[in-house]
């Protein structure tokens, strides 16, 4: 090459990529090389936006890998991711060009061993217990003999047959079965809906509302029973208005629904035994109680009869009790006729004495005397003379009324003249009339001002004229600015 031509710089002939082209090439390469991977790590930050997708971080002691679970996959997961859980995630790697980062699209996720599940279970148990869902005061008593029992379990398993067989042996009751999946991803939502559905029944409706609920499932591993550890199931059991018995697993299996239920049964068969008593035992108990009642009644009647006989021996005979009253009645019966005769005779004598004063001649003489007095009194009464006296009194009364009116009028006129003269005297002696002649009253600081010195010392002056008052400024200033006024006529005097 000539010295005048420079050699090309290293890399000048390399092709140029746009940012999108380079990002797309990286995306295709990563997705091609890592189309199916399984990653084990601890779940870090977990975010669940309204879209339903789940965003999380998988981390170990040195690195962090962003992950995403689409909405459809998240709803099918048997175990939902929680912060601090160690999991094994299966999916594919891809990139997000908008932020120049790579991430894993998770298609399946499982806890990494029993320890992770137990740690998550203990964490959830502590959280729900802190909210009071396991509080014993929330638990309701189990009805002694429910009319209708609602059973939430799989319709095809041996559990429902054991429950129905046990109920039929002990005390047949009406049973409503709500079929649900007892394991897998559908278990938790179906059990939750079943509990809430039974509680939504209307009492006395077309479909009767159960008096007791039984949630039952056979034994299994912790993964099989995990649906009964879900938070939605536990909250539905705690919120149930219908008493609920949990019978999930065998004696050694414990799930979170057992803590939230009103009663825990070790097995489904034991749940049926807790739900109803034994009918034959009740019948035998009733027979025993009936025998005891009959024996008690018989014994009571016998004891009271013996007591009555004992008391009757201490009482006197009826004939003895009636002897004395009978004798007293005979004595009074003998005395009664004589007493009646004496009473009649006494009343006859009293009547004769009273009738002696009521002879017709005496009554006639009394009437004649009263008539004579009445006629003499009527003769003394002269009606025309009385009328003349009344007319005279009336004329005298009219004259007195006229004189009284004249005197009252004169008196009122005199008083009126006195009031007018006193008012004229008041006007004459008052200073208001003087103000009307051109004079004025000067007040300074609320006091009457009668000299020039007092006016100059006052901070403000108030002048009262005949038609009102006027306030002015400082006395000295007003005096300098006021024009000279003419002296009043000698005959008027001055108040200013």
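Identify all residues within segment 45-64 that are more than 48 Å from the chain's Cα centre (by Cα) and farther than 15 Å from residue 109 by Cα; write none if there are none. Within segment 45-64, 60, 61, 62, 63, 64 qualify.
Within 18 Å of residue 85 (Cβ to Cβ), touching a helix residue (DSSP H, G or I) at 6+ places or on another chain (Cβ under 7 Å) and modelled with pLDDT of 85 or more, is that true of residue 54? Taking the combined requirement at face value, the residue satisfies it.
Restricting the first member to segment 115-136 and to residues that are within 13 Å of residue 234 (Cβ to Cβ), and the second to residues that are part of a loop (DSSP other than H, G, I, E, B), the beta-carbon pairs closer than 9 Å and six or more apart or on different chains are 121/222; 121/255; 124/82; 124/230; 125/134; 128/134; 129/135. Those helices (runs of 4 or more DSSP H) of segment 195-314 in which at least 2 residues are closer than 20 Å to residue 136 by Cβ, assigned by TED's automatic domain parsing to the domain that holds residue 159 and touching a helix residue (DSSP H, G or I) at 6+ places or on another chain (Cβ under 6 Å), considering only elements entirely within it, cover 231-239, 256-260. Of all residues in segment 422-471, those being on the phi < 0 side of the Ramachandran plot and part of a strand (DSSP E or B) number 14.
The values are calculated or read from the model by the stated rules, or taken from the named source; none is laboratory data. What you see is a predicted model, and the numbers here were worked out from it, not measured in a lab. Neighbour counts are summed over all protein chains in view; Cβ atoms, including those assigned to glycine, are modelled from backbone coordinates with ideal geometry.
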